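This report concerns only the one structure given below.
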Amino acid sequence: MAAAALLGFSAAAHAQTLDDLIPDSAVENPDAWAEQGADQTVESSDVTAPDPDTPIAQPPGFDLPWPDDIAIEDFEPLEPEEDIEFADLDLGQANVSFEEAETERIADNLVLGFPQTEPPFSDRGDFVERFEALSTIEELEDSEANLAQLAARAREDEELLGDLLRVYGYYDGQVIRSIGNLQVGDEAAAQTPTVRFDILPGERYKIGAVDLGSLLSAPDGAELRDAFEIYPGDYLQSDTIVQEQFDLDRALGETGYPFAAIDAPELLIDHERVEGDLTLNVTPNGKYVFGGVVSSQPDFLSGKHLAKIARFEPGDTYQRSLSLDLRRAITATGLVSSVSVTPREVTPPTGVEPGVVAMDVELQQAKLRTIAGAIGYGSEEGIRIQASWEHRNLFPPEGSLRVRGIAGTQEQLAGVTFRKNNFGGRDRVLTLDAYANTIDSPAFDARTIALTGVFERKSTLLFQKNFSWSAGLELIATQERPPVVDGIQEPRQTYFVAALPGTVLFDETDDLLDPTRGFRLGGRLSPEASTTNGVESFYVRSQVDGSYYQSLGDRLVLAGRATFGSIPGADLLQIAPSRRFYAGGGGSVRGYGYRKIGPENDLGEPTGGRSLVELALEARIRTGFLDGAVSVVPFVDAGSVGPNPTPDFDEIKIGAGLGVRYHTGFGPIRLDVGVPLTPDEDDAPVAVYVSLGQAF
């Protein structure tokens with residue numbers, strides 16, 4: 001209706017002039033006339049309303065030809081121009097062919113393409129390996145790899161590739177991304193959304209000028225410059241700059257420059273030269289030697305004592321590593337909760353003479369009293385519960401007092417121990433121990449009082465040493481007898497023993513508690529004098545222990561152990577039963593009772609011997625259970641104890657079994673189940689052992 005009215009209005013108005021259509025009132029007051037609306041501009045009598053039911057045969061007022069009457073003349077074709085020259089565009093990239101590009105499939109949904117062949121992509125293998133480790137697409141599971149997720153992660157990976165190109169010195173590199181469904185494998189129906197990145201690294205930039213600030217003004221400037229192994233013409237790589245900055249900082253710290261400063265590196269990239277100028281502002285700030293050690297708590301740990309455990313002397317060239325070593329050594333005492341070691345200038349450098357720095361040690365005391373306990377179990381040894389109380393600095397510096405006790409099926413003990421750590425030098429320990437104990441074992445019963453003293457150089461968890469040793473004195477009074485058999489109890493025999501034991505240990509393993517490679521070789525020699533029933537005897541207890549560890553891959557360690565012992569110089573009956581050799585148990589031949597292997601008397605009691613041979617072999621196999629914290633350990637042990645100083649191998653006991661290890665931060669927890677393969681009538685069919693640490 002609206003369209004018809006409009007057309008009718010147009011047809012009627014066609015014959016009228018503009019003056020006829022605009023009344024005088026519109027000229028006199030145009031605003032008022034406009035507000036009256038279009039219906040007021042023409043009187044209804046001037047317009048014939050069309051009949052809506054009657055179509056308009058010919059629209060009135062239009063005089064335009066229909067398309068059939070329009071004639072368009074033919075265009076004249078243009079003649080091609082000759083001798084047109086097109087400019088060659090240099091985009092800074094070598095000619096490439098995407099169809100012939102080398103590709104590397106990172107995952108089912110991720111492919112890298114390398115269409116550029118010249119210049120070659122240096123360090124491409126390392127580049128791909130690093131991208132694979134950082135890619136967000138590579139982490140996406142195939143089941144989740146829909147196009148929407150791939151597109152989101154593809155943008156992140158594209159940015160990552162660009163960053164990596166710049167890390168390797170490709171500042172004109174380009175990354176072309178494409179996403180689609182590609183066939184995977186031989187099955188045509190196996191389709192998966194896949195992202196492909198085509199990498200055009202361009203030309204690799206090189207180092208231009210190198211500015212190291214005032215480094216060459218230092219007394220050792222030339223040597224220090226050699227520590228920063230970046231020179232003009234080398235390929236530019238951010239990793240190398242960071243590594244060489246670290247090496248230079250370490251060289252400064254190790255050659256007497258405690259206050260040296262190195263600013264962050266700056267690179268000025270010149271695209272025209274295809275080079276980057278490197279600025280690393282270095283300020284050496286003078287060379288120094290060590291002075292004294294100053295403690296913030298001299299009554300607790302004096303500076304004099306701390307100087308004893310330091311690995312430097314006054315006048316030695318300052319080394320940052322020795323400062324850190326002193327901090328670790330103080331931490332290892334267990335007496336501090338926090339410690340810092342800071343160099344402080346005492347005398348400034350003058351000319352060619354170095355300055356002097358004091359080492360200020362700031363300490364905070366830790367809790368010094370400790371209550372500790374341990375529980376062990378063996379099916380043949382029974383239960384063993386051990387507890388102790390200790391004050392670790394009752395006699396400063398580092399003088400501890402420890403009271404301990406043992407309550408077990410076969411052993412009871414009460415003792416007091418005084419220990420002086422770092423006594424006379426680093427990791428040297430003086431220990432005085434007094435104890436009384438009773439032992440009720442299958443081999444003997446003993447009631448013993450002893451006083452011992454040992455001075456040793458120890459290997460610790462923080463400072464595992466290749467060589468350690470000990471020397472000591474033992475004064476022992478003991479009453480011993482064979483165990484009760486069938487209600488028959490023999491009288492006790494009293495022995496007074498004085499011994500001078502000494503040990504040495506060569507340790508080339510990688511871990512003190514859980515070694516995976518290397519070897520250990522140890523020896524013990526103890527000359528002893530014994531008096532019993534008015535008879536004096538002199539003999540030497542000697543023993544050699546060796547173990548070897550070989551790692552085969554990430555999950556398997558083969559471990560072997562051999563022990564040989566001999567006691568020449570006295571008859572067996574002149575040696576106290578507690579000083580003889582025995583075998584059997586969790587730390588010896590598994591599958592047999594504690595100290596139950598060896599010669600026996602007429603009543604079937606183990607008598608101990610004067611020679612010992614033990615062999616052990618086990619495979620420590622890591623599993624994937626509990627994030628790799630669990631290992632299974634099949635093992636085979638063998639042992640022999642003889643009555644003479646020379647092993648005779650008259651009777652060899654063999655045991656085998658399976659163990660489980662649960663690896664913790666402080667060492668493995670061990671559970672072994674052993675079976676005797678050559679048992680006697682009274683040997684149990686199965687033996688179980690639980691303890692902390694590996695069997696050897």
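The values are calculated or read from the model by the stated rules, or taken from the named source; none is laboratory data. Keep in mind that this is a model prediction, so the values were computed, not measured. Every residue, glycine as well, gets a Cβ built from its backbone with ideal geometry; the counts of neighbours run over all protein chains shown.
Selection of segment 113-136 for residues being over 30 Å from the mean Cα position of the chain (by Cα) and touching a residue at least 12 places away in the same chain (Cβ under 8 Å) yields GLY113, PHE114, PRO115, GLN116, THR117, GLU118, PRO119, PHE121. Looking only at residues of segment 447-463 that are out of contact with any Phe, Trp or Tyr (no Cβ under 9 Å at 6 or more places or on another chain) and aliphatic (A, V, I, L, M), we find that the one that is nearest to SER578 (Cα to Cα) is VAL454. Examine segment 451-466 for a residue that is surrounded by fewer than 17 Cβ atoms within 10 Å (Cβ to Cβ), without any contact (Cβ under 8 Å) to a residue 40 or more places away in the chain, of a type in the set (A, V, I, L, M) and farther than 28 Å from THR331 by Cβ, and state whether such a residue exists. Checked segment 451-466: at least one residue is surrounded by fewer than 17 Cβ atoms within 10 Å (Cβ to Cβ), without any contact (Cβ under 8 Å) to a residue 40 or more places away in the chain, of a type in the set (A, V, I, L, M) and farther than 28 Å from THR331 by Cβ. Number of residues in segment 600-658 that are touching a Leu at 6+ places or on another chain (Cβ under 9 Å), of a type in the set (D, E, K, R) and without any contact (Cβ under 8 Å) to a residue 60 or more places away in the chain: the value is 2. Evaluating PHE538 against the criteria (1) surrounded by 14 or more Cβ atoms within 10 Å (Cβ to Cβ); (2) more than 32 Å from the chain's Cα centre (by Cα) leaves one unmet condition, (1). When you look at ASP507, is it crowded, with 16+ Cβ neighbours inside 10 Å, at pLDDT below 90 and either touching a strand residue (DSSP E or B) at 6+ places or on another chain (Cβ under 7 Å) or within 24 Å of VAL636 (Cβ to Cβ) (or both), yes or no? The answer is no for ASP507. Under the condition of being of a type outside the set (D, E, K, R) and at pLDDT 90 or above, the residues counted in segment 135-170 number 9. When each of LEU413, LEU326, LEU306 is tested for being part of a strand (DSSP E or B) and surrounded by 13 or more Cβ atoms within 10 Å (Cβ to Cβ), the lone residue that passes is LEU413. Filtering segment 201-225 to residues that are assigned to a helix (DSSP H, G or I) and farther than 19 Å from ASN281 by Cβ leaves only GLU223. Within segment 546-568, the set of residues being crowded, with 18+ Cβ neighbours inside 10 Å and within 26 Å of SER441 (Cα to Cα) comprises ARG561, THR563, GLY565, SER566, ILE567.
Within segment 349-390, the set of residues being without any contact (Cβ under 8 Å) to a residue 40 or more places away in the chain, farther than 22 Å from SER302 by Cβ, assigned to a strand (DSSP E or B) and not hydroxyl-bearing (Ser, Thr, Tyr) comprises GLU353, ILE371, ALA372, GLY373, ILE375, GLY382, ILE383, ARG384, ILE385, GLN386, ALA387, TRP389. When VAL341 is tested against (1) more than 30 Å from GLY585 (Cβ to Cβ); (2) surrounded by fewer than 17 Cβ atoms within 10 Å (Cβ to Cβ), exactly one condition is not met: (2).
Kindly evaluate ARG481 against the criterion of being within 29 Å of VAL544 (Cα to Cα) and surrounded by 16 or more Cβ atoms within 10 Å (Cβ to Cβ). Taking the combined requirement at face value, the residue does not satisfy it. So which residues in segment 329-345 are out of contact with any helix residue (DSSP H, G or I) (no Cβ under 7 Å at 6 or more places or on another chain), more than 18 Å from GLY292 (Cα to Cα) and part of a strand (DSSP E or B)? Passing the criteria: SER337, SER338.
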